[in-house]
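The values are calculated or read from the model by the stated rules, or taken from the named source; none is laboratory data. None of these values were measured; they are calculated from a predicted model. Every residue, glycine among them, receives a Cβ derived from its backbone with ideal geometry; neighbour counts consider all protein chains shown.
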Amino acid sequence: MALLIRLDMDNASAVVEEMLDALSSVEQGAQKAASRAINKTLKNAARLTARMVAGEFRVTQSEVLAQVDVRKATYARPDGELVFSGRGSLPLVRYVVGSTEPVPTMPGYYRTPKAQRHRGVKVRVKKTGRASVLTSAFLARMDSGHVGVFERVDEGWDSKIRELYSISYLTWLQNDLVADELEERVAERFAHHMEHEARFVLQQAGLR
């Protein structure tokens, strides 16, 4: 689990500093405005994160959103977080270029003419990147019916296969340039929501 964005009363106070005296005259005025603004902003931030990742990687926004959690703020605890709860990557078979039909199992594979045998697996993870051929990898179907990209791993006298996953787009999100862009855009949305919610609380109290 990785923290992407955190918003709290310090952020809220910095945005509506000139309204704090007025909000303090309303019961839980600042907390109400801040918690509402934080929750709206984090919901926006989740969608923004999904759009940014889907714009860079060959994934859908829904696949990204499935790995993002919003921890909502409340009046009693006016702070919230946007966290990545998943591993930030998908099975590499998701990015295979061409057919995902597994290679025939042994010994049928060797009865296939050499010209028709699959050599490695071609994948492309990023939308703007070039496809790569993983020469030591192969497609296989498990007993469960799941098809994945695997590689053989020798461990002493034992030989096992392991499924391969893509690079983590969580790592990409934590890159300084990407993280700074996300935080800047989230800060803009938070300022908008906080000012709106602060005015709304004051209007309801008849102070605006």
Reported set for segment 35-53 where residues are without any contact (Cβ under 8 Å) to a residue 40 or more places away in the chain and within 9 Å of the chain's Cα centre (by Cα) is ALA46, ALA50
Are any residues in segment 1-19 surrounded by 14 or more Cβ atoms within 10 Å (Cβ to Cβ), in a helix (DSSP H, G or I) and either hydrophobic (A, V, I, L, M, F, W, C) or free of Cβ contacts under 8 Å to residues at least 12 places away in the same chain (or both), and if so, which ones? MET9, ALA12, VAL15, MET19
Tell me yes or no: at least one residue of segment 65-88 is assigned to a helix (DSSP H, G or I) and modelled with pLDDT of 90 or more. yes
Say we look at segment 20-34 and pick out the residues that are in contact (Cβ under 8 Å) with a residue 12 or more places away in the chain and assigned to a helix (DSSP H, G or I); which of these is farthest from TYR75 (Cα to Cα)? ALA22
